Amino acid sequence: MEQRPQRTARLTVRTFHLWYSAVWVLLGLAPSAISLRNDHGPGLYASMAVLAVLAAGYASVRLRLAEPVLPPGAWLVLLALGVGAMAALPGGGAALFIVSLPQFWIHAPSPRAAIGLSGAAAGATVAGTLLHPIDSPTGNTAFTVAGYLAGVLLGLLVHRLQEDGEERAGRLGAELEGARQRLAEAHRQQGAAEERERMAREIHDTLAQGFASIIVLAEAARSALAADPERTAQQLRSIEQTARENFAEARVLVGSAPQSGLTPGPVVGTLRRTLERFAQDTGLTVDADLPPDVDCDQQTRIALLRCTQESLANVRKHADASTVGVVLTQHPYAIELEITDDGRGFVVEDSRGFGLDGMRKRLAELGGELTVTSSVGDGTRILATLHTTHRKGSLT
């Protein structure tokens, strides 16, 4: 994107130089050469020699721009001497001087040098005109001086416009660089915020839920320690298993474990183990319809497990339910997970939980959606839909 304007600018400058070269030859050298057709003797040969030297010098500068045979400064000195010599020889030099004026501004290193060198060329032209034996010098002298003054004014104007353009380009470049840096910083901050949000969601869906389960089990075990030792032993085993799972999840989150905390196997087996643990820990009835032929990729499997864990955690903490239903269905282009309970329900519009928002964002990242249906006294229905068309080739 940045090379195209530079290339266009180079082409524009090159085109200008080509056009000017044609103008200099046609309106500068050619008229002087044509005017010599009726001359004879040493003046003719001297004029032709000067024109040949000027043509060769200009060609050496224009045709070898990278490493010119004749340095631009030396060429301008030669040009000033040449137009002065032509003014004193047959063919005249005033017209050639006027046509050659742009070269002093093109090749001079500074405006001051351009003014000085073109002034020297103007002086040489006037001096040559005064030495010309035939023509009246007044007209050519006035023409040369007027052309020089006009060239100085026009050259300074163009130079000023060029400086303003370069200054504006510099400001625009600085503003563009500042905008680029601000955009990069915004992207960095956005990436950091997204990573923090992802980590918060993972911690909420794994470690936080596990710790909450440990607390509930520990409280229940302490209450039943004397009355039901067998039940207490089961709860202590659940606490130990949950703590181990939390430890594995923590290793995954900090990057010290290469794989996900999920154990290998179909998604149905993973969900069934989660539901069995939930039923053991809570004593609730769980009705599960989990077809064994449901197949999905790892990302979908993780999303289904996290939605199940979050929904069951909400049932445990808020629903006061006695029965939970879980139905997993695979359609040709989607997988649906429906989780229902017969608890107290809630007003969906008034819910402000991190868990539901986390499920929505997790599913949205995979092109899915979450539908929550509930009302006070009528239980809750969670429907997670994951479209599998765009990941069809990734099914495992």
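Inspection of segment 298-309 finds no residue satisfying the criterion of being in contact (Cβ under 8 Å) with a residue 60 or more places away in the chain and in a strand (DSSP E or B). Filtered by the rule that a residue be modelled with pLDDT under 80, open to solvent by 80 Å² or more (accessible area, probe 1.4 Å) and of a type in the set (A, V, I, L, M, F, W, C), segment 19-45 gives a lone residue, I34. Under 23 Å from H318 (Cα atoms) and without any contact (Cβ under 8 Å) to a residue 24 or more places away in the chain: is that true of D357 in this structure? Taking the combined requirement at face value, the residue satisfies it. Name the single residue that is nearest to P332 (Cα to Cα) among those in segment 346-385 being open to solvent by 60 Å² or more (accessible area, probe 1.4 Å) and of a type in the set (A, V, I, L, M). Among those residues, the one meeting the criterion is A364. Put simply, of E185, E195 the only residue that is modelled with pLDDT under 80, closer than 26 Å to R362 by Cα, of a type in the set (D, E) and surrounded by 10 or more Cβ atoms within 10 Å (Cβ to Cβ) is E195. Criterion first (surrounded by fewer than 21 Cβ atoms within 10 Å (Cβ to Cβ), among the small types (G, A, S) and more than 27 Å from I215 (Cα to Cα)) does A288 satisfy it? It is false that A288 is surrounded by fewer than 21 Cβ atoms within 10 Å (Cβ to Cβ), among the small types (G, A, S) and more than 27 Å from I215 (Cα to Cα). For segment 324-344, name all the residues that are touching a His at 6+ places or on another chain (Cβ under 8 Å) and either in a strand (DSSP E or B) or within 12 Å of P291 (Cβ to Cβ) (or both). Passing the criteria: only A334. Within segment 275-297, being under 44 Å from the mean Cα position of the chain (by Cα) and either free of Cβ contacts under 8 Å to residues at least 60 places away in the same chain or assigned to a helix (DSSP H, G or I) (or both) holds for one residue alone: V294. Every test in (1) at pLDDT 85 or above; (2) exposed (fewer than 10 other Cβ atoms within 10 Å of the Cβ); (3) not small (G, A, S) is passed by L117 save one, and that test is (2). Looking across segment 70-126, just one residue is in a loop (DSSP other than H, G, I, E, B), free of Cβ contacts under 8 Å to residues at least 24 places away in the same chain and among the aliphatic types (A, V, I, L, M), and that is L70.
Inside segment 267-280, residues that are of a type outside the set (S, T, N, Q) and in contact with a Lys or Arg (Cβ under 8 Å, 6 or more places away or on another chain) make up a count of 2.
The values are calculated or read from the model by the stated rules, or taken from the named source; none is laboratory data. Since we're looking at a predicted model, the values are computed, not measured. We place every Cβ from the backbone using ideal geometry, glycine too, and count neighbours over all the protein chains shown. Note: areas computed on protein heavy atoms with side chains; ligands, DNA, RNA excluded. Shrake-Rupley method; radii C 1.70, N 1.55, O 1.52, S 1.80 Å.
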